Structure formats: C-alpha cells, structure tokens
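Beneath this line is the structure, given in structure tokens, with notes to follow.
Read-outs throughout are calculated quantities, based only on the coordinates presented, and are distinct from any laboratory measurement. Keep in mind that what you see is a predicted model, and the values were worked out from it rather than measured. We place every Cβ from the backbone using ideal geometry, glycine too, and count neighbours over all the protein chains shown.
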Amino acid sequence: MIGKYEPLEKYLRGLPASQEDATLTFQFIEQMLKETLPASAHEQHSWWGNQQQGTQVESIAWMDAGWLVDIVDLREKWVRFVRQ
C-alpha cells in the first residue's frame, strides 16, 4: 500500500538539495501517481497531516523523502512541501 505513493516520494527525493520548498497541484500529483487522490485528500486537511504512525501511508512517502507538508489549499487544490 505504501508503494502507491512511491512516485511522489521519488519526485521529492529527486529535487535539488538547495530547493527548500515545492508547491504541487493535486492534478500534478495525480498524474505522477497515475490515479486520482482519495476524496479525503480533496476535502480534509488532516489527510495531508505529517504523521509517521497510524494508517496514513501517504505521509510516510513525503516524510521519508525528507519533506513536510507546510500549507494545503483545498479550494485551489495545491500543497506546499518544505524540507525537514
């Protein structure tokens, strides 16, 4: 199940070390994953929480890559990641 978000992890890992933040649209992330994000990602800020415990496998992808979610705009459908 964690593998589903592996393309996002690889993308974030591949960004230059000098880059301190990355703003991605939900559409860009969905294209990368080759599937639609769950409805909760579009409707709930908590889906984008920075948690390494529990059932939110999506957060493991960006946290293992060394990033944290900084801002989520559910209306405009984008998320900003910052380096840990």
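A few remarks follow.
- The range 66-84 and the range 35-60 have Cα centres separated by 12 Å.
- Going from the fewest other Cβ atoms within 10 Å to the most, the residues ARG13, ARG83 appear in the order ARG13, ARG83.
- Exposure proxy ranking, count of Cβ atoms within 10 Å, fewest first, for PHE28, PHE81: PHE28, PHE81
- Whether the chain is rounded, prolate or oblate, judged on the alpha carbon gyration tensor where a/c under 1.5 counts as rounded: rounded
- Loop-located GluC sites (Glu not before Pro) in the range 24-84 (DSSP state other than H, G, I, E, B) with a sparse environment of at most 11 neighbouring Cβ atoms within 10 Å: GLU35, GLU76.
- Calculated [222 nm] ellipticity per residue, helices only, for the chain: -9000 deg cm²/dmol; basis is -39500 (n - 2.57) per DSSP H run with n ≥ 4, divided by all residues, nearest 500.
- Placing unit charges on each Cβ (+1 for Lys and Arg, -1 for Asp and Glu) gives the range 2-83 a dipole about its Cα centre, and among GLN44, MET63, GLY14 the Cα reaching farthest toward its positive end belongs to GLY14.
- Charge dipole (debye, nearest 20) of the chain; +1 at Cβ of Lys and Arg, -1 at Cβ of Asp and Glu: 120
- Coupling constants for the range 7-19 follow from the phi torsions by the Karplus curve (6.51 cos²θ - 1.76 cosθ + 1.60, θ = phi - 60°), and in residue order they are x, 5, 4, 4, 4, 5, 4, x, 6, x, 4, 6, 7 Hz; glycine and proline get x.
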